Amino acid sequence: MQQTTRIAPSILSADFAQLGAEVSAIAAAGADYVHVDVMDGHFVPNLTIGPMVVKALRPHAKLPFDVHLMIAPVDPYVAEFAQAGADIITFHPEAGPHPHRTIQLIKSLGKKAGLSLNPGTPISAIEWLLPEIDLVLVMSVNPGFGGQRFIESSLDKIKELRRRIDAVSEKQGGRPIDLEVDGGINVETAKRAIAAGVDVLVAGTATFQGGTSKYAANIAALRG
Ligand code: DX5
Ligand code: ZN
């Protein structure tokens, strides 16, 4: 029996003028994680937030901070995000040059390590790293912006990854490896992603739409 789907609101869709209050509000509304999208204007065509903001937000919720790095290079910033209060640090294998080394670095700092697959990136890019990581993040849009449309082929990728993750996990005595999806998640795509096997849904637009009074209902609706 699978555990209930967890929800990771992406604060990219929050009101940036009051991020601390927004983080507290999603925690009070039943979120399971705080998903932080870090963009460098180079690996992806947008600039967002850095470790100083993560540090400033940390006291606003007890929830794990799920930090999604869309930056290249990765290694020079890992320690700063860890110190700022990230609990899970996820990066893209293309950000290179040595993803295995980056995973070891994240783990050496006592944090969970995740790898993210862009829509065009095949599963084989992370296949040999599955035994080392705690999470796979499937991008169901091209990274860079909130509010984009869900890419349908992500569902087949999720199904295949579910199978491979379960096989690796079983070999490792049931060590948990989470499968998370990010981009274009709404009540309808959430249902299909859950059926395909995800454990965690990232949702920006769908969480924050309608303002603070709607957050709890928005989160509950996604859980299905
Ligand atoms: C995109 C980010 C996502 C994004 C999701 O690069 O990784 O987390 O904010 O936004 P929605 O849920 O609006 O598609
Ligand atoms: Zn993200």
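The values are calculated or read from the model by the stated rules, or taken from the named source; none is laboratory data. None of the values given here were measured: they were computed from a predicted structure. A quick note on method: Cβ atoms are made from the backbone with ideal geometry, for glycine too, and the neighbour counts reach across all protein chains shown. For the accessible areas, the whole protein counts, side chains as well, though only heavy atoms, and no ligand, DNA or RNA atoms are used. Shrake-Rupley method; radii C 1.70, N 1.55, O 1.52, S 1.80 Å.
Name the single residue, out of those in the stretch 145-156 being open to solvent by 10 Å² or more (accessible area, probe 1.4 Å) and within 16 Å of ligand 2 (Cβ to nearest atom), that is nearest to Pro119 (Cα to Cα). Even if it seems obvious, please write down each step before you answer.
Of all residues in the stretch 145-156, those open to solvent by 10 Å² or more (accessible area, probe 1.4 Å) come to 145-153, 155-156.
From what is left, the residues that are within 16 Å of ligand 2 (Cβ to nearest atom) are 145-151.
On the way: Phe145: 14, Gly146: 15, Gly147: 16, Gln148: 13, Arg149: 12, Phe150: 10, Ile151: 8 Å.
Across the stretch 145-156, the extreme among qualifying residues is Ile151.
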Query raised in the report: Does the stretch 165-190 hold any residues that are of a type in the set (D, E, K, R), away from ligand 1 (no atom under 15 Å from the Cβ), outside any loop (DSSP other than H, G, I, E, B) and surrounded by fewer than 16 Cβ atoms within 10 Å (Cβ to Cβ), and which are they?
Result: Asp166, Glu170, Lys171
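Would you call Val54 among the hydrophobic types (A, V, I, L, M, F, W, C), within 16 Å of ligand 1 (Cβ to nearest atom) and assigned to a helix (DSSP H, G or I)?
On the way: among the hydrophobic types (A, V, I, L, M, F, W, C): yes; within 16 Å of ligand 1 (Cβ to nearest atom): yes; assigned to a helix (DSSP H, G or I): yes.
The answer is yes for Val54.
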Query raised in the report: Looking only at residues in the stretch 95-121 that are open to solvent by 70 Å² or more (accessible area, probe 1.4 Å) and closer than 22 Å to Pro45 by Cα, which one is farthest from the chain's Cα centre (by Cα)?
Result: Pro97
**Report entry** Failed item, numbered, when Leu47 is tested on (1) in contact with an Asp or Glu (Cβ under 8 Å, 6 or more places away or on another chain); (2) free of Cβ contacts under 8 Å to residues at least 24 places away in the same chain; (3) away from ligand 1 (no atom under 14 Å from the Cβ)
**Finding:** (3)
Report task. Please tell me if Pro76 is outside any helix (DSSP H, G or I) and open to solvent by 10 Å² or more (accessible area, probe 1.4 Å). Result -> no
**Report entry** Residues being in a helix (DSSP H, G or I) and among the charged types (D, E, K, R) - total across the stretch 79-133
**Finding:** 6
Report task. Inspect the stretch 20-40 for any residue being open to solvent by 50 Å² or more (accessible area, probe 1.4 Å), in contact with a strand residue (DSSP E or B) (Cβ under 7 Å, 6 or more places away or on another chain) and not in a loop (DSSP other than H, G, I, E, B) and give the result as yes or no. Result -> no
